[in-house]
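Let me begin by presenting the structure, written as structure tokens, before commenting on it.
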Amino acid sequence: MAPTRSAPCIVWFREDLRISDHPALHAASRSGAPIVCLYILENPEAGETGSRPFGSASRWWLAQSLRSLQGRLSELGSQLILRSGTPARIVPELARRIGAETVFWNDIAQAPALAMADRLEEELRAQEIVSRRFAGDLLAEPAALRTRDGRGFRVFTPFWRRLQSDIRPADPLPAPEKLSAVSAELVSDRLEDWGLEPTRPDWAAPLRETWTPGETAAQARLDAFLEETVNGYAGGRDLPGHDHTSGLSPHLRFGEVSPRQIWHAARFAAAERPAVTTGIDKFLSELGWREFCRHLLHDRPDLADRNIDSSFDAFPWQRDEAALQRWQRGQTGYPLVDAGMRQLWYSGVMHNRVRMVVASFLVKHLLIDWREGERWFWDTLVDADPGSNPANWQWVAGCGADAAPYFRIFNPILQGEKFDQDGVYVRRWVPELAQLSPRFIHRPWEAPPLELRACGIELGTTYPRPIVDHAKARARALQAYASLRDRTG
DNA sequence: TTTTGAGTTGTTCGA
DNA sequence: GTCGAACAACTCAAA
């Protein structure tokens, strides 16, 4: 089709803050029309939103990512217009003002986001503006991956096997080389005015130290992972004290890299270096889990609120603000748990293995409702994902899809000794215990008084005694879960 | 339709 | 110290 330079178009950016493998941007740029790039911050107070409002850590990331996208777009000769409010109002209004004939965007495969997009499309149609919608936040559309009886999968393994055998994710699209901008001067909000970043106190300093948001950094991280880190992935990914994970999750969360870019890059790496296949497969199955959780969310928009297994509606959760707060602040007296919670608070992320341990601890040792933990993670994780976060919390609690058996109660001491043998991880995040010998690093309350004193530790003062006794808490949890079974027959 | 085999990540206890 | 069994039954997915 010959490029027509007549009417401009709009590309609405959402959770796809990149320019490569961006189907909407790609199509818009091929149309030859001048492009206005738009990002809309939804305002939860303004009523219904298409997606769950970002937590604090995610808001920080979003600001950096938008800044990075602004840079990328201006290199291409374009710019990013920022607006806040309701997309179904803002997009048509802007389209009218600039005389746009087409609006492009990538859909988000979640019920509220799709509903929001449908409404927008309707509004646009009333103005005789064309909507062009694309898929791209998943490897496979939920509708394309159903069981024989047309339901969504509830068990991971068959889901993943099917996806791998039946679905061939499309090849990633190249980034446009140049974008023709609209000549009109357009009003944009100022990113700083959105208040996405903390000021007083500025708790984001450690985040800045830890992370570089944006598409360029995401690509670099993916490349570095596939070239180097993946070698030790299969064995090392479970060791929180060592750097054997990809660190891609927040980049993926904001669409700075797409799942199919990851998929194809990983496949390519495995083909080139067969020795690394095991690590790649393991890594890809993590991408599979993200996919699985998103599909689950697509089918159950209330995933973060309602037990998938409704018999858990009767679970005897305890309300204990003080205990919840000690868990949040990393003051439970269990070193691995505290290390994880402090890593989260400090860096906006937590090693995957430790996430399971702290989640199990909150739900089973403290008997606190998984939703409390889910909300805390949502607020503090830079990679908080609307699918993975609630789905995994439900999985740990035992009320989720393909859930862990009720008797699987992580022992935070054994988990520490098994996966953080020398205590590297604990020492890094719980510095007041740093001097303890490996023998007691995961059970400081058993250390001889002499050693404690030599290490400058006074239990109950410089570091808390255990908030609960493991054996007692375990017995209590088993009892609570048994009560649930008795009740439901 | 009924049957069959399997299901991310663990812990404890007793031989 | 090591090892296998028990910890429940249920639902899912496919043949």
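The values are calculated or read from the model by the stated rules, or taken from the named source; none is laboratory data. The structure presented is a predicted model; accordingly, all values stated were derived computationally and were not measured. Note: ideal-geometry Cβ built from the backbone for every residue, glycine included; neighbour counts use all protein chains shown.
At-a-glance table
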read-out	value
Of the criteria (1) surrounded by 19 or more Cβ atoms within 10 Å (Cβ to Cβ); (2) more than 16 Å from DNA strand C (Cβ to nearest atom), which one residue A:400 fails	(2)
Answer residue from the stretch A:276-314, given it is within 16 Å of DNA strand C (Cβ to nearest atom) and assigned to a loop (DSSP other than H, G, I, E, B) and is surrounded by the most Cβ atoms within 10 Å (Cβ to Cβ) among those	A:303
Residue pairs meeting the criteria (Cβ under 7 Å; at least 6 apart or on separate chains; first closer than 24 Å to residue A:485 by Cβ, in the stretch A:293-321; second among the β-branched types (Val, Ile, Thr) and within 14 Å of DNA strand C (Cβ to nearest atom))	A:300/A:308; A:311/A:488
Residue, nearest to DNA strand B (Cβ to nearest atom), within the stretch A:430-481, restricted to residues that are under 27 Å from residue A:311 (Cα atoms) and without any contact (Cβ under 8 Å) to a residue 12 or more places away in the chain	A:471
Number of positions in the stretch A:131-150 that are within 16 Å of DNA strand B (Cβ to nearest atom) and either in contact (Cβ under 8 Å) with a residue 60 or more places away in the chain or among the aromatic types (Phe, Trp, Tyr) (or both)	2
Complete set of residues in the stretch A:309-322 that are farther than 15 Å from residue A:473 by Cα and in contact with a Leu (Cβ under 8 Å, 6 or more places away or on another chain)	A:311, A:312, A:314, A:315
Candidate set from the stretch A:367-384 (those that are assigned to a loop (DSSP other than H, G, I, E, B) and in contact with a Leu (Cβ under 8 Å, 6 or more places away or on another chain)); member that is surrounded by the fewest Cβ atoms within 10 Å (Cβ to Cβ)	A:368
Some residue of the stretch A:454-467 being assigned to a helix (DSSP H, G or I) and away from DNA strand C (no atom under 16 Å from the Cβ)	yes
Residue, surrounded by the fewest Cβ atoms within 10 Å (Cβ to Cβ), within the stretch A:403-417, restricted to residues that are within 8 Å of DNA strand B (Cβ to nearest atom) and either modelled with pLDDT under 95 or assigned to a loop (DSSP other than H, G, I, E, B) (or both)	A:405
Residue identified as assigned by TED's automatic domain parsing to the domain that holds residue A:35, under 21 Å from residue A:191 (Cα atoms) and crowded, with 19+ Cβ neighbours inside 10 Å among A:120, A:94	A:94
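This table checks each residue for (1) free of Cβ contacts under 8 Å to residues at least 40 places away in the same chain; (2) polar (S, T, N, Q); (3) not in a strand (DSSP E or B).
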site: A:62; (1), (2), (3): no, no, yes
site: A:68; (1), (2), (3): no, yes, yes
site: A:82; (1), (2), (3): no, no, no
site: A:91; (1), (2), (3): no, no, yes
site: A:116; (1), (2), (3): no, no, yes
site: A:121; (1), (2), (3): yes, no, yes
